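Peer 1: Before anything else, here's the structure in question.
The values are calculated or read from the model by the stated rules, or taken from the named source; none is laboratory data. The model shown is predicted, which means the values in this text are computed figures rather than measured ones. For accessibility, only protein heavy atoms count, side chains too; no ligands or nucleic acids. Shrake-Rupley method; radii C 1.70, N 1.55, O 1.52, S 1.80 Å.
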Amino acid sequence: MTDQQLKARIAAALTGVVNPRLGRDVISAGMVADVAVSPAGEVTIAFVLGAEDPGTLVRDARRAVQQVEGVTAVRVDVKAGAAAPPAA
């Protein structure tokens with residue numbers, strides 16, 4: 001499996017993680033700033049978390065990515081971000 005294929009599977013898994021404050025998944029909400037994949041299947045995610053976002057989103061994102069075939073380890077680097085406007 002190529003890095004691009006694995007990244008696509010990771011993105012698909014992360015669309016299942018919904019920010020309840022925004023009512024959108026973490027990908028479409030712009031909360032995943034970057035995904036890096038090593039040849040050994042180690043994944044590092046740059047995750048933007050606003051002050052009003054539930055911290056459980058980080059755990060949920062990690063769990064979702066751990067379930068992806070080909071992923072051997074997951075690291076989530078949390079970055080403080082400005083709070084996104086609530087869903088209309």
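Peer 1: Please give the per residue accessible area of the chain, computed with a probe of 1.4 Å over protein heavy atoms only, in Å².
Peer 2: On a per-residue basis, 57 Å².
Peer 1: To continue, here is another question. How much mean residue ellipticity at 222 nm does the chain get from its helices, if each DSSP H run of length 4 or more adds -39500 (n - 2.57) and you divide by all residues, to the nearest 500 deg cm²/dmol?
Peer 2: Taking each H run of at least 4 residues, the total per residue is -8000 deg cm²/dmol.
Peer 1: In a GNM of the chain with a 10 Å cut-off on Cα contacts, which of 40, 13, 61 has the highest mean-square fluctuation?
Peer 2: 40
Peer 1: In whole percent, how big is the carbon plus sulfur part of the accessible area of the chain, probe 1.4 Å, protein atoms only?
Peer 2: C and S atoms contribute 52 percent here.
Peer 1: Which label marks the calculated value of P(r) over Cα pairs in 5 Å bins from 0, in percent, given the options (1) 3, 14, 23, 22, 17, 12, 6, 2, 1, 0; (2) 3, 15, 29, 25, 15, 8, 4, 1, 0; (3) 3, 11, 18, 23, 19, 12, 7, 4, 2, 0?
Peer 2: For P(r) over Cα pairs in 5 Å bins from 0, in percent, the calculated option is (2).
Peer 1: Moving on to the next point. Expressed as a rounded percentage, what relative contact order does the chain have, with Cα pairs under 8 Å and six or more residues apart?
Peer 2: Relative contact order here is 32 percent.
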